[in-house]
Amino acid sequence: MRAKAAYSGKSTSIWVDPMNCFLTAFRCGLKPLAALSAAFLAAFLMVSPVLAAGTLSHAPTTANLYIISPKDGQTVPENFTVKFGLSGMGIAPAGINQEGTGHHHLLIDVDELPPLTEPLPASDHIKHFGGGQTETTINLPSGEHTLQLLLGNYSHVPHDNPILSQAIKVTVQ
């Protein structure tokens with residue numbers, strides 16, 4: 001059987017045969033239980049891409065994500081509040097798998113979007129609001145910054161039709 005494996009955003013095809021893994025492991029001196037474990041591992045590798053793809057949730061094309069404030073081009077102090085807006089879908093905390101919902105992720109000074117079929121990594125540039133928050137106060141150094149929202153599903157994976165706001169620029173003084 002053939003399975004697709006992904007590593008660091010690159011995918012490759014590999015051949016996986018659970019029965020052959022069992023027989024090879026058994027012939028190499030592994031006890032039957034260990035050989036069976038090797039076969040189960042091979043089977044898992046075969047279906048794991050399917051399981052990962054199962055974490056994508058559907059989003060309607062009419063959903064709209066936006067930043068209420070600050071406004072694009074606005075000058076803000078170092079400590080300021082960002083208010084999130086969403087129409088056409090609802091908000092639910094991370095971990096709650098409810099159709100038509102998601103939770104916010106704030107992208108700060110992100111030049112390139114993260115992979116949109118994997119859980120979003122938490123970092124200084126990708127802030128998670130898995131509690132269902134609709135605003136936050138952030139502190140940024142002086143200068144120009146870019147803010148953008150990305151809606152994630154119950155497992156922090158963007159939806160099959162990614163719900164992404166327009167990026168805005170703010171100047172921090």
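Within the stretch 66-74, can one find any residue that is loosely packed, with under 12 Cβ neighbours inside 10 Å, at pLDDT 95 or above, under 20 Å from Thr137 (Cβ atoms) and β-branched (Val, Ile, Thr)?
No; the residues of the stretch 66-74 include none that is loosely packed, with under 12 Cβ neighbours inside 10 Å, at pLDDT 95 or above, under 20 Å from Thr137 (Cβ atoms) and β-branched (Val, Ile, Thr).
Here is a list of conditions, (1) exposed (fewer than 15 other Cβ atoms within 10 Å of the Cβ); (2) touching a Gly at 6+ places or on another chain (Cβ under 8 Å); (3) outside any strand (DSSP E or B), and Ala59 meets all of them except one; can you say which number that is?
(1)
How many of the residues in the stretch 119-145 are of a type in the set (Ser, Thr, Tyr) and either outside any strand (DSSP E or B) or free of Cβ contacts under 8 Å to residues at least 12 places away in the same chain (or both)?
Residues that pass the stated criteria total 3.
Checking the structure you have, find out if any residue of the stretch 100-111 is of a type outside the set (S, T, N, Q), farther than 20 Å from Ala63 by Cα, surrounded by fewer than 17 Cβ atoms within 10 Å (Cβ to Cβ) and at pLDDT below 95.
Within the stretch 100-111 (the criterion being of a type outside the set (S, T, N, Q), farther than 20 Å from Ala63 by Cα, surrounded by fewer than 17 Cβ atoms within 10 Å (Cβ to Cβ) and at pLDDT below 95), the answer is yes, since at least one residue qualifies.
Run Thr117 past the list (1) under 12 Å from the mean Cα position of the chain (by Cα); (2) among the β-branched types (Val, Ile, Thr); (3) under 21 Å from Asn64 (Cβ atoms) and report the number of the one that doesn't hold.
Of everything listed in (1) under 12 Å from the mean Cα position of the chain (by Cα); (2) among the β-branched types (Val, Ile, Thr); (3) under 21 Å from Asn64 (Cβ atoms), Thr117 misses just condition (3).
Among the residues of the stretch 131-163, write down those that are under 13 Å from the mean Cα position of the chain (by Cα) and surrounded by 18 or more Cβ atoms within 10 Å (Cβ to Cβ). Quick ask: steps written out before the conclusion?
Filtering the stretch 131-163 for residues under 13 Å from the mean Cα position of the chain (by Cα) gives 149-163.
Leu149, Leu150, Leu151, Gly152, Asn153, Tyr154, His156, Val157, Pro158, His159, Ile163, listed by residue number.
Out of curiosity, is Leu116 under 15 Å from Leu56 (Cα atoms), without any contact (Cβ under 8 Å) to a residue 60 or more places away in the chain and among the aliphatic types (A, V, I, L, M)?
When the stated conditions are applied, Leu116 passes them.
The values are calculated or read from the model by the stated rules, or taken from the named source; none is laboratory data. Predicted model, so just to flag it, every value in this text is computed and none were measured. So basically every Cβ, Gly included, is an ideal-geometry build from the backbone, and we count neighbours across all protein chains shown.
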